[in-house]
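Please treat every number below as a calculation from the coordinates, not as lab data. Predicted, not measured: the structure shown is a model, and the values here were computed from it. All Cβ positions, even for glycine, are placed from backbone atoms using ideal geometry, and neighbour counts span all protein chains on display.
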Amino acid sequence: MNILMLSCKKASELIEKKSIVQLSRIETIQLHVHKSMCDACNTYEKHSLLIDEVIQQKISNESEKNIPHLRNEPLKQKIKNDL
Amino acid sequence: MEALNPSNTIKKWVTLYSDKMYSLAFYRTNNKEVAEDLVQDTFITAFQSFEKFKGNIEQPSAWLFTILKNKIADYYRKIYRSPFEKAMNLQKDDNDTLSQYFNKDDEWLGDSLPKDWAIESGHLLDNYDFIDVLNSCMEKLPEKWNAALQLKFIGEKKGNLICQELQITPTNFWQILHRAKLQLRSCLEHNWFKK
């Protein structure tokens, strides 16, 4: 049945979409069927989730406590002068 | 009780907190001029909103950093909402991007076929070399795509809320994220996981 046969391109699209919004029921089934037959897209999904996790951590880590301290004296002077 | 002089108080805060704020802004945007503007804008907002500050003037850090982070998010929102012409170019490039990774049957192109990385995320971020590679791969993304990624991970908002704020359709948002992710994955595979 063609309605269930996603291409890898479409499957990778749905994998990304799924990380943001809930897939429709049809999309969920389509993706499930495709993944049951396609190693490459399973691997893609693992990579995609890993990248998401790493970027999320990276952005959360870049809080005021964890990043190296840069100095910018000219900036301080400029801001104080302009205030 | 001494009367609060906003200007003097803020100047004191500049001395105490500007470096830390600049550090954060720089690491989040990778651009010195942008980071400086963001920090300056934050202090201007703090000055203008001074009477709204209800905290302890010896501990304004959380308030200042909240303002700064909102400005960083605004910066990425502005990039994302690029002018119409840029959006048109993106449409044209879209198919070029996808045709790099998929053949005419929409299957993975030989070289682009995802290969096993055999790795867990756990220790990756402890490795500064990996962080460098990740940063450089993200910098290679078109500005708008990188902005979309940043917006996805800033704050804990769900996709729908992000799209409402940006006044874009969710479809547009995840289509751009899709392209960004394809390029990012490929870049990381070539420069880290398969080296």
Alpha-carbon centroid distance for the pair segment B:96-118 / segment B:15-37, whole angstrom: 38 Å
Global form of chain B, assessed from the alpha-carbon gyration tensor, a/c cut-off 1.5: prolate
Degrees between helix B:32-48 axis and first principal axis of chain B (Cα, 0 to 90, nearest 10): 40 degrees
Whole-Hz couplings from phi, Karplus 6.51/-1.76/1.60, listed for segment A:16-31; x for Gly and Pro: 6, 4, 4, 6, 10, 10, 6, 6, 5, 4, 4, 4, 4, 5, 4, 5
Simple spin-label estimate for residue B:45 and residue B:167 in nanometres, 7 Å along Cα-Cβ: 1.9 nm
Residue-by-residue Karplus 3J(HN,Hα) for segment A:35-41, coefficients 6.51, -1.76, 1.60, Hz, glycine and proline x: 5, 5, 10, 10, 4, 4, 6
Highest-MSF residue in chain A out of A:70, A:49, A:23 [GNM, Cα springs under 10 Å]: A:70
Residue of B:70, B:30, B:56 that the Gaussian network model of chain B assigns the largest fluctuation, springs spanning Cα pairs under 10 Å: B:56
Three-way shape call for the protein assembly as shown based on the alpha-carbon gyration tensor, with the a/c threshold at 1.5: prolate
Interchain or long-range residues, amide H under 5 Å from residue B:141's placed H: none
Crossing angle, helix B:170-188 versus chain B [Cα axis fit, 0-90 degrees, rounded to tens]: 70 degrees
Computed [θ] at 222 nm, deg cm²/dmol, the protein assembly as shown (DSSP H ≥ 4; -39,500 (n - 2.57); rounded to nearest 500): -22000 deg cm²/dmol
Amide hydrogen neighbours beyond the local backbone of residue A:6, cut-off 5 Å, H modeled: A:34
Extension gain from residue B:139 to residue B:120, taking 0.36 nm per residue of separation minus the Cα-Cα distance: 4.5 nm
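If you place +1 on the Cβ of every Lys and Arg, -1 on the Cβ of every Asp and Glu, and leave all else neutral, what size is the dipole of the protein assembly as shown about its Cα centre, to the nearest 20 Debye?
In debye, rounded to 20, the protein assembly as shown gives about 520.
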C-alpha long axis of helix B:61-80 to longest principal axis of chain B, angle in °: 40 degrees
Charge sum, other residues only, whose C-beta stays under 11 Å from residue A:78's C-beta, Lys/Arg counted +1 and Asp/Glu -1: -2
Dipole of the protein assembly as shown [Lys/Arg +1, Asp/Glu -1 at C-beta], most positive-end residue of B:136, B:187, B:30: B:30
Built amide H within the under 5 Å cut-off of residue B:102, gap 5+: B:109
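Rounded to the nearest 0.05, what FRET efficiency do residue A:36 and residue B:132 give with R0 = 35 Å and r taken as the Cβ-Cβ distance? Could you check?
0.40
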